[in-house]
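Engineer: Below: one structure in structure tokens.
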Amino acid sequence: MHNSEEFKIPIGPQHPSLKEPVSFSVALKGEKIMGVGIRLGYNHRGIEKACEERTYIQDIYLVERTCGICSHSHATCFAQGVEDIAGIEVPIRARYLRTLVGELERIHSHLLWLGVAGHEIGFDTLLMYSWRDREVVMDILAMLTGNRVNYGINTLGGVRRDINAKQIKEVLKAVDALEERTKYYIEIASQETTVIKRLSGVGVLSKEDAVRLGAVGPTARASGVERDIRRDDPYAAYAEIKFDVITDNHNDVYGRTVVRLKELMECYKIIRQVLSNLPEGPVSVKVPRKIPAGETLSRYEAPRGEDVHYIKANGTEKPERVKIRAPTLANIQAVKRMLEDRYLADMPIVIAAIDPCFSCTDRLISLERLESKKKEIMPWVNLHAYSIEWHRKRGVDFTKLNKKWLRYFKS
Amino acid sequence: MAREENIVQELNSKFSFLEGKIRIQRQRRIFLEVELAHFKELFEYALKNMKFSLLSAMTGLDEGVNLGCIYHLASDDGVTLNIKATFPKENPQIQTITGYFPAAEIYERELIDLFGIEVQGLGPGNRYPLTDDWPKDEFPLRKDWKAKGGQDA
């Protein structure tokens with residue numbers, strides 16, 4: 001990197017595994033980020049318009065595909081909104097089952113994120129093992145719903161599949177295994193100096209900024225903002241379940257890691273309560289095809305934060321208006337703040353820290369000298385390598401830790 | 001629903017123009033309609049005096065002759081105040097609220113692109129969510145806009 005010259009770097013827009021591919025335009029002086037411009041909308045599919053042209057039942061499956069990871073979040077958020085307008089009382093067993101799948105989804109999302117975070121800092125053994133563990137919960141989701149993602153478990157008036165005693169046993173067994181593994185990840189995060197050194201003070205977002213910029217989910221909670229829709233505005237079975245809202249005051253990527261890991265422990269707690277108190281009864285009630293005129297706002301705590309659906313019904317079998325606000329959109333301004341005045345080498349982990357889907361697609365970064373307009377190409381893989389090398393030179397090296405971990409898992 | 005009723009009472013006593021315009025849809029959900037001229041006064045009061053400190057979302061609406069915008073505000077105890085302002089389709093203008101909520105920028109750009117609402121006071125920036133070459137007079141979420149389908153349409 002040239003220290004004296006200013007660069008403007010476009011990053012993106014192709015991130016196919018994100019629900020919203022994003023393009024960052026980063027102004028750089030030397031290795032310092034001076035400012036960040038963000039362009040969104042590359043994957044705008046017109047889902048809201050399409051919802052107006054389809055029936056409520058079709059829309060459940062459509063909104064479920066808003067996101068490949070929080071699919072149950074969107075489907076539940078939509079279904080409970082429509083049920084609210086129609087005045088439908090969802091059977092209590094169905095509310096518990098929605099909660100169960102919702103928490104399993106959170107486990108899968110947080111474990112996925114942990115792996116991505118590990119990869120971005122060069123701790124690839126963590127990626128391998130957290131994703132291996134994630135397979136446990138994916139298998140459970142497939143067993144309960146028939147699908148690994150886009151579960152299709154929701155319908156208007158309840159859920160489409162019940163759970164049997166054998167499945168409950170399988171879920172509890174999986175939860176025990178995952179809890180054991182999560183405890184170990186927490187130990188790593190709290191004791192391993194390399195991890196602490198690499199993540200602390202990176203991507204800082206003060207509590208004031210988190211509130212001012214409207215950050216949501218683990219991003220907000222890691223800056224000490226105690227906000228969780230499950231507790232503040234309970235839906236499904238959350239009003240009847242005891243759990244803690246995890247917050248942290250590190251205000252950085254380290255804090256975001258701690259919050260997600262501790263939230264995993266809460267997921268296990270919630271699932272055990274759901275299964276031990278699972279009420280008997282039907283899992284769905286019939287809902288008329290035509291929904292009476294009315295409107296509502298439905299909120300849901302997705303793995304990444306507050307998911308909001310506004311639904312307006314006009315008395316027909318199709319909605320008048322459906323508005324979806326996914327959590328990433330709320331966190332965009334916070335990302336800008338986190339990157340300002342920070343090093344380019346921290347960019348991959350800072351972006352990854354708000355969104356678990358920052359995947360391994362081939363993205364190009366082209367460096368453009370502001371004076372001469374001459375372009376240099378830097379693929380994402382090189383930026384990733386640069387970031388790891390930059391920190392290795394400054395004493396943060398995961399090579400030994402990767403080897404140590406491999407030994408641990410072999411034994 | 002004491003908390004919700006207290007909010008309605010406070011708003012009614014403070015703003016006479018809200019008479020009959022406030023509705024408790026269910027627990028923790030309050031919907032109200034306000035004319036654009038009164039919007040700022042009410043919005044600031046909700047923010048500063050009633051602890052609605054989170055902007056959950058902004059929703060654009062096409063209601064025939066009028067366009068509308070709902071500001072979904074939330075407080076930390078889970079109550080949402082949904083303030084709807086409507087304005088004529090011929091001259092759809094609102095003021096930016098980025099001064100109160102910087103995160104509103106992206107929601108306002110969405111209103112511009114999808115509904116053709118003019119947001120006064122919004123600084124320069126990238127459009128969202130439509131492409132840069134999208135026709136200037138087409139607003140997909142207006143009711144009279146229909147998807148054309150197919151590449152050659």
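Engineer: Under 19 Å between alpha carbons, and skipping anything fewer than 8 positions from residue A:173 in its own chain: which lysines qualify?
Structural biologist: Excluding near neighbours in sequence, the set is A:183, A:269.
Engineer: Do any GluC sites (Glu not before Pro) in segment A:58-113 lie in a loop, going by DSSP, with at most 15 other beta-carbon atoms within 10 Å of their beta carbon, and if so which?
Structural biologist: On the way: sites: A:64, A:83, A:89, A:103, A:105; in loops: A:89.
Answer by residue number: A:89.
Engineer: Please sort by residue number the trypsin sites (Lys or Arg not before Pro) in segment A:239-277 whose DSSP state is loop and whose Cβ has at most 14 other Cβ atoms within 10 Å. Show your work: numbers first, answer last.
Structural biologist: On the way: sites: A:242, A:256, A:260, A:262, A:269, A:272; in loops: A:242.
Hits after loop and neighbour filter: A:242.
Engineer: Over the heavy atoms of residue A:131, what accessible area does a 1.4 Å probe trace out, to the nearest 10 Å²?
Structural biologist: Result for residue A:131: roughly 100 Å² accessible.
Engineer: Just to be sure I understand: if I project the alpha-carbon convex hull of the protein assembly as shown onto a plane and average over all orientations, what area do I get in nm²? Present the calculation step by step, with values, prior to reporting the outcome.
Structural biologist: Details: hull surface 107.2 nm².
Averaging across all directions leaves 26.8 nm² for the Cα convex hull.
Engineer: In addition: Let's see if you can work this out: charge +1 on each Lys and Arg Cβ, -1 on each Asp and Glu Cβ, no other charges. What is the dipole magnitude of segment A:52-113 about its Cα centre, in debye to the nearest 20? Walk me through the numbers before you get to the answer.
Structural biologist: Working: 6 positive and 9 negative charges, 56 e Å.
So the dipole magnitude of segment A:52-113 works out to roughly 260 debye.
Engineer: Measuring from label point to label point, each 7 Å out along Cα→Cβ, what is the residue A:404 to residue B:134 span in nm?
Structural biologist: 5.1 nm
Engineer: Per Stokes-Einstein, at 37 °C and 0.692 mPa s, what whole-number D in µm² s⁻¹ belongs to segment A:1-126, with the Kirkwood radius over Cα pairs as the hydrodynamic radius?
Structural biologist: Details: Rh = 18.1 Å.
In µm²/s, the coefficient is 182.
Engineer: Hey, can you grab everything whose amide H is under 5 Å from the amide H of residue B:54? Only 5+ residues off in sequence or another chain; H modelled, so Pro and N-termini drop out.
Structural biologist: Under 5 Å from the amide H of residue B:54 lie the amide H atoms of B:74, each far enough along the sequence or on another chain.
Engineer: Towards the positive end of the charge dipole of segment A:183-242, with charges on Cβ (+1 Lys, Arg; -1 Asp, Glu), say which of A:199, A:213, A:224 has the farthest Cα.
Structural biologist: Projecting each Cα onto the dipole axis, the largest value belongs to A:199.
Engineer: Right, here's the next one. How long are the semi-axes of the equivalent ellipsoid of chain B, defined as square roots of 5 times the Cα gyration tensor eigenvalues? Whole Å, largest first. Write out the running numbers ahead of the final one.
Structural biologist: Values: eigenvalues 192, 53, 41 Å².
Taking √(5λ) for each Cα gyration eigenvalue gives 31, 16, 14 Å.
Engineer: Near the amide H of residue A:300, under 5 Å away, which other amide H atoms are found, from residues 5 or more places off or on another chain, if H is placed in the peptide plane?
Structural biologist: Answer set, sorted by chain and number: A:307.
Engineer: Do any GluC sites (Glu not before Pro) in segment B:68-134 lie in a DSSP loop with no more than 10 other beta carbon atoms within 10 Å, and if so, which?
Structural biologist: Details: sites: B:90, B:105, B:108, B:110, B:118; in loops: B:90.
Of the GluC sites (Glu not before Pro), the ones in loops of segment B:68-134 whose Cβ has at most 10 other Cβ atoms within 10 Å are B:90.
Engineer: Further, regarding this structure: Based on the Cα coordinates of segment A:110-185, what is the per residue volume of their convex hull in Å³?
Structural biologist: On the way: hull volume 7.3 nm³, N = 76.
It comes to 95 Å³ per residue, whole-number rounded.
Engineer: So, one more: Sorting check: for A:66-75, B:7-16, which peptide has the highest mean count of neighbouring beta carbons within 10 Å, and how do the rest follow?
Structural biologist: Numbers: A:66-75: 25.0, B:7-16: 14.3.
Top to bottom by mean Cβ count within 10 Å: A:66-75, B:7-16.
Engineer: Just tell me which aspartates and glutamates come within less than 20 Å, Cα to Cα, of residue B:21; anything on the same chain fewer than 8 places away is out.
Structural biologist: A:295, B:4, B:5, B:10, B:33, B:35, B:41, B:44, B:62, B:63
Engineer: For segment A:219-359, just the Cα atoms, rotate onto the principal axes and tell me the three extents in Å, largest first.
Structural biologist: Taking the Cα atoms of segment A:219-359, the three principal extents are 56, 39, 27 Å.
The values are calculated or read from the model by the stated rules, or taken from the named source; none is laboratory data. Predicted model, so just to flag it, every value in this text is computed and none were measured. Positions of Cβ are backbone-derived with ideal geometry, glycine not excepted, and every protein chain shown enters the neighbour counts. In case anyone asks, the SASA skips ligands and DNA or RNA and just uses the protein heavy atoms, side chains included. Shrake-Rupley method; radii C 1.70, N 1.55, O 1.52, S 1.80 Å.
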